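Beneath this line is the structure, given in structure tokens, with notes to follow.
The values are calculated or read from the model by the stated rules, or taken from the named source; none is laboratory data. Nothing here was measured: the structure is a model prediction, and the numbers come from that model. A quick note on method: Cβ atoms are made from the backbone with ideal geometry, for glycine too, and the neighbour counts reach across all protein chains shown. These accessible areas exclude ligands, DNA and RNA; they are computed on the full protein's heavy atoms, side chains included. Shrake-Rupley method; radii C 1.70, N 1.55, O 1.52, S 1.80 Å.
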Amino acid sequence: MDEFSFINSIKQHSYKQSSLIKGIGDDAAVIRQPTQDIVCAVDTLVEGVHFSRQTMEPWHIGYRALAANVSDLAAMGASPAFYLVSIVIPKTWSSGEINQIYVGMKQLATKFRMDLIGGDTVSGQELSVSITVIGYVERNKARYRSLAKEGDKVFVTGTLGDSQAGFHILTNPGYYTDEVYYKERHQQPLPRVDFASKTENISRIVFNDISDGIANEANEIAEASKVSLILYEKQLPIKDSYEQFPPKLQHKWKLFGGEDFELLGTVSNKDWNELQIIAKETNTPLKEIGYVDDSQSNIGQVFLHENKQTYRLQKKGYTHLK
Ligand SMILES: Nc1ncnc2c1ncn2[C@@H]1O[C@H](COP(=O)(O)OP(=O)(O)O)[C@@H](O)[C@H]1O
Ligand SMILES: Cc1ncc(C[n+]2csc(CCOP(=O)(O)OP(=O)(O)O)c2C)c(N)n1
Ligand SMILES: [Mg+2]
Ligand SMILES: [Mg+2]
Ligand SMILES: [Mg+2]
């Protein structure tokens, strides 16, 4: 059973609490309150799976664990407010190192005005940091994956493949252009909170954060919205110096690499101009990379135009429990 079938198998078919308006199946859950909706998500970082001591200092582990979670709030258009940390600590980690993990989290928490309000501490074999985040979104303004419509533009923020390039540099030391940039994109990603939350005047917009790779996230939007997405390989945004890496790796990282924590989304043509203005105001690179198709026979599928050919972009990225 892979990660997706596992999640489906444990998913409730209905919810008992009437305040719950989105449960399992998006970047975060949404709970209705009198004036605002509450958004919550949890993501875990495990030694050997998400990081190794070779690729991350303790400070980076904390920063990145919280960033991955805040990125899910951003993907819902929510503003971060609180976090709870559950940590499994092996005997081989010193108290100074554990403290540095919390210093890393606090750095990002300060930036987004978040408070640490609880957690749990357990000893165990592998370091694992599980963070629950809570944020707010204006009533009815949570951004779901299921709202893409035929004719929408597909867009992405920032550049793709940088995190995997950084991981490659960290595990294959040598001389690289923009080495610090790529390492930072892997160790200290900055979630697109400001950009996403400033779109509140746009009535309908879809976001999904890129944790597993754009191929995976685009398929999640296509499936949830029951539409087909068409993407253009040439339009996928990359940093200039990305071309220093072997072409095969460039291709693999930008489509299937993940951990860039950029936002992939769709928006109607009429709101595109407004979105471009918000991107400028928040210093967010924004690129149109395709469109939502009306083809009834390709529902739930993603296609990539590349070198005058079009092929199906499979839902393949980083999948646990394969
Ligand atoms: N073990 C689990 N128990 C309950 N819900 C889960 C579990 N794992 C994942 N989910 C839910 O499944 C959905 C997809 O999870 P995931 O792919 O990890 O999202 P993301 O990539 O945005 O972090 C989310 O709604 C998440 O809350
Ligand atoms: C040591 C190490 N090996 C492999 C990777 C690559 N990697 C690990 S998990 C992952 C995908 C994202 O993690 P996941 O837990 O699926 O995040 P979610 O989708 O729940 O946000 C990737 C690309 C890494 N960062 N570090
Ligand atoms: Mg997500
Ligand atoms: Mg997750
Ligand atoms: Mg996530």
Can you find a residue in the stretch 107-121 that is of a type in the set (A, V, I, L, M) and crowded, with 22+ Cβ neighbours inside 10 Å?
yes
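If you scan the stretch 71-82, which residues turn out to be more than 11 Å from ligand 2 (Cβ to nearest atom) and either assigned by TED's automatic domain parsing to the domain that holds residue 260 or crowded, with 24+ Cβ neighbours inside 10 Å (or both)?
73, 74, 76, 77, 78, 80
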So which residues in the stretch 195-230 are more than 16 Å from ligand 3 (Cβ to nearest atom), surrounded by fewer than 24 Cβ atoms within 10 Å (Cβ to Cβ) and not in a helix (DSSP H, G or I), if there are any at all?
202, 203, 204, 226, 228, 230
Please specify each residue of the stretch 152-182 satisfying the condition of being farther than 22 Å from residue 235 by Cα, of a type outside the set (Asp, Glu), open to solvent by less than 60 Å² (accessible area, probe 1.4 Å) and free of Cβ contacts under 8 Å to residues at least 60 places away in the same chain.
169, 174
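Quick grid of which residues meet (1) open to solvent by less than 80 Å² (accessible area, probe 1.4 Å); (2) in contact (Cβ under 8 Å) with a residue 40 or more places away in the chain:
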position: 274; (1), (2): yes, yes
position: 279; (1), (2): yes, yes
position: 287; (1), (2): yes, yes
position: 290; (1), (2): yes, yes
position: 296; (1), (2): no, no
position: 299; (1), (2): yes, yes
position: 308; (1), (2): no, no
position: 322; (1), (2): no, yes
Can you list residue pairs whose Cβ atoms sit under 6 Å apart, with the first residue in the stretch 43-69 being under 18 Å from residue 172 (Cα atoms) and the second being open to solvent by less than 40 Å² (accessible area, probe 1.4 Å) and of a type outside the set (S, T, N, Q)? Count only pairs 6 or more apart in sequence or on different chains.
51/61; 55/170
Within the stretch 47-70, count every residue that is among the small types (Gly, Ala, Ser), away from ligand 4 (no atom under 16 Å from the Cβ) and either touching a helix residue (DSSP H, G or I) at 6+ places or on another chain (Cβ under 7 Å) or not assigned by TED's automatic domain parsing to the domain that holds residue 28 (or both).
1
Quick one: residue 267 ticks every box in (1) β-branched (Val, Ile, Thr); (2) under 22 Å from residue 74 (Cβ atoms); (3) at pLDDT below 95 except a single one, so which number is it?
(3)
Quick one: residue 210 ticks every box in (1) of a type in the set (Val, Ile, Thr); (2) out of contact with any Asp or Glu (no Cβ under 8 Å at 6 or more places or on another chain); (3) within 16 Å of ligand 4 (Cβ to nearest atom) bar one, so which box is it?
(2)
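Would you call residue 24 within 19 Å of the chain's Cα centre (by Cα) and outside the structural domain of residue 126 (by TED's automatic domain parsing)?
Numbers: within 19 Å of the chain's Cα centre (by Cα): yes; outside the structural domain of residue 126 (by TED's automatic domain parsing): no.
Here the answer is no, as residue 24 does not meet what is asked.
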